[in-house]
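The next block holds one structure in the form of structure tokens; read it before the comments.
None of the figures in this text is laboratory data; all of them are computed from the coordinates on show. None of the values given here were measured: they were computed from a predicted structure. In this analysis, Cβ positions are derived from the backbone assuming ideal geometry, glycine residues included, and neighbour counts consider all displayed protein chains.
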Amino acid sequence: MGEERGWSSRLSRSAFQNDDRQKVLEATDVVALIGEHLSLKQRGREFLCVCPFHDDHKPSMYVVPAKQIYHCFSCGAGGNAIDFVINYHKMDFLDALRFLADRAGVPLTPRRAAGGALGAEAGGESDGEPELSRASLIEVSRFANEFFRAILRHPEHGARARELLARRGLDEATAEAFEIGAAPDRWDGLLVTAQKRGVSIEGLERLGLIKRRAESSGHYDAFRGRLIFPIHDQAGRPIAFGGRRLNDEDDPKYLNSPESALFHKSRTLFALKQASRAIQRENLAIVTEGYMDAIACHQAGLTHTVATLGTALTPEHARMLQRLCDRVALLFDSDEAGLRAADRAVEAFFAAPIDVKIVRLDDAKDPDELLKQPGGLEALRAAIDAADDALAFRTRRLRERLAGAGMSARARIIEEDLARLAELGLHTLSPVRKRLVVRRYAEVAGVPEADVLRALSQQRQQTGRRDEEGPAPERGPIDPRAGALGALLSVPGMWLDLDRAQQDALREAAYALGPVGAAVDAIAAHAQDGASPDVSLICTALDDSDARRAAVQLAFEAERCAEADHERVRDFFRDCLRRILHERALSCNEDAGEPIQDRLERIRQVRRAFGDRPTSLPRPA
């Protein structure tokens with residue numbers, strides 16, 4: 001125990017001495033930060049949103065402006081602004097700190113390692129990281145992005161790409177907003193430049209920007225003679241690229257980066273970086289099937305538009321959009337392939353608590369073409385307003401399949417569709433929404449709603465699914481050690497009210513909880529400096545991410561027990577501390593050979609000191 005405590009204390013103290021993170025946190029409003037990524041709804045003094053760290057259908061993550069922390073009561077995710085950026089954007093600590101520092105305009109002080117060399121905070125690799133970390137790959141991707149943008153501006157190598165942009169009607173402001181670039185029509189333009197700049201060749205290969213030659217040594221550029229569209233994550237970092245051919249004889253017409261440690265098509269939407277704030281403002285996301293469609297919508301003023309990346313919409317895409325808005329309009333081509341894509345999209349969004357419309361364009365093959373027509377923007381807005389909702393679209397498609405089918409075929413088609421809805425999570429829908437689905441299917445099938453419910457029940461029995469969630473596990477009594485530490489994290493100033501013996505007892509109890517116990521030393525260190533920080537700043541002293549999450553959870557639990565009343569938090573703290581001292585006194589100087597009368601006398605003394613609890617202590621004969 002002593003060894004663990006000393007190790008944790010050293011971590012806390014070294015974290016305090018570097019005050020860059022404290023400056024960044026003080027300059028960052030956690031509500032504004034999370035509000036840039038998720039749709040927040042105010043509830044009293046707190047804000048509530050869908051948790052992005054688990055499959056959350058009912059908002060369960062709270063953001064507390066008074067304490068500058070967030071916490072999810074379902075999955076336990078929580079922390080301060082740095083923790084949110086680390087977990088949401090999959091950044092390491094230094095990248096998250098830089099991201100928030102740039103956002104807040106706070107200059108960071110490079111830390112110097114032994115010998116005077118710049119350490120990891122100046123941009124080098126962190127100790128113990130692999131040679132090519134995610135941060136290293138991001139830097140490689142940034143280099144490639146700047147290279148492609150420079151080529152677009154080049155008088156010779158970017159000429160054809162600029163001509164294509166002009167033909168497609170994209171202006172310079174739009175090209176700049178989307179950081180559009182160009183790949184030169186040569187085999188080694190990116191490769192040679194990277195070698196001159198000392199950029200990792202292995203990193204370029206891992207990101208699919210260069211490929212190994214099959215019949216000789218060396219590499220060659222993967223993108224050649226193409227208009228380049230960088231694909232960003234929501235933090236604005238380039239993580240992949242798409243290329244549109246400049247020469248008609250080149251195949252394929254569009255070429256995307258392969259999936260990598262940074263890029264997963266099923267979890268990425270093109271233009272989300274540019275569209276996320278507008279999506280929140282409009283409470284509506286427009287989803288198209290291609291880069292050019294999304295960019296054309298942005299240029300026309302529909303800045304709440306994103307696009308899929310050569311793959312069908314996935315439940316992960318649905319969850320990403322659900323965090324930002326309550327409504328989605330899906331724009332698909334009007335041909336049969338577009339209808340099949342719409343069918344898959346409806347399934348991806350089926351269980352998400354979000355309203356979905358399927359927009360069909362009858363006067364153009366895609367949004368880009370429609371927007372180039374006179375009155376195209378008004379026509380597109382009208383099509384979005386008049387679009388079918390997802391349930392109407394699906395049942396209309398079902399009617400088309402039933403047309404001309406015999407009785408047996410109709411029954412089979414309907415039962416198969418209901419089975420698919422069961423697989424997609426029909427049982428998880430709210431009772432009202434589920435009833436609407438059942439009613440619509442009963443109308444299409446021409447049978448009573450009870451028959452549809454019976455068919456669904458049979459499907460659940462076959463698949464082992466249950467209609468209702470099981471009862472929530474009962475909450476046991478709060479451990480006084482966890483309760484005391486949580487209350488102290490909620491109101492750190494209470495540390496100054498304790499005498500030395502109480503502080504020692506609390507330290508001992510806190511460290512019994514694991515690395516989160518180091519929070520007590522952080523509170524004590526701040527108290528010695530005359531400060532009374534909140535739990536967000538205390539968390540900066542905990543280098544263990546699990547400890548930070550646990551600290552926030554303990555603070556939330558204590559506040560919940562005390563109903564967010566500071567006086568009740570203090571009463572709760574005093575009660576937990578009394579129980580800790582009580583248990584500590586009972587366990588002190590225990591002797592297996594102690595006579596029973598001596599032990600009972602010692603227990604009576606403890607009872608007189610800490611309160612009488614006749615139900616828990618034996619009565620002497």
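Quick look at the numbers
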read-out: Rounded Å value of the spacing that divides the Cα centres of region 35-52 and region 481-495; value: 25
read-out: Geometric extent, Cα atoms of region 235-280 - Rg, Dmax (angstrom); value: 13.3, 42
read-out: Gap separating the Cα centres of region 138-210 and region 59-82, nearest whole Å; value: 40
read-out: Coordinate range along principal axes, alpha carbons of region 267-386, Å, largest first; value: 37, 32, 25
read-out: Sequence-distant lysines (8 or more away, or on other chains) whose Cα lies within less than 16 Å of Lys434; value: Lys58
read-out: Residues Glu336 and Lys196, FRET efficiency given R0 of 56 Å [Cβ-Cβ distance, rounded to 0.05]; value: 0.65
read-out: Environment charge at Cys576 (Cβ cut-off 9 Å; Lys +1, Arg +1, Asp -1, Glu -1); value: +2
read-out: For region 134-263, alpha-carbon Rg over 2.2 N^0.38 Å; value: 1.00
read-out: Set of lysines with alpha-carbon distance to Lys23 below 17 Å, sequence-local pairs under 8 removed; value: Lys67
read-out: Residues Gln458 and Arg568, FRET efficiency given R0 of 45 Å [Cβ-Cβ distance, rounded to 0.05]; value: 0.30
read-out: Charged-residue dipole, Cβ positions (Lys, Arg, Asp, Glu), region 396-463 about Cα centre, Debye nearest 20; value: 220
read-out: Compactness of region 396-463 - radius of gyration and Dmax, Cα, Å; value: 11.6, 34
read-out: Entries of Lys90/Lys211; Lys41/Lys372; Lys253/Lys372 with Cα pairs more than 30 Å apart; value: Lys41/Lys372
read-out: Among Phe178, Pro252, Ala235 - extreme Cα towards positive end, dipole of region 134-263, charges at beta-carbon; value: Ala235
read-out: From phi via Karplus (6.51, -1.76, 1.60), per-residue ³J(HN,Hα) for region 87-98 in Hz, x at Gly/Pro; value: 7, 6, 9, 6, 9, 7, 4, 5, 5, 5, 5, 5
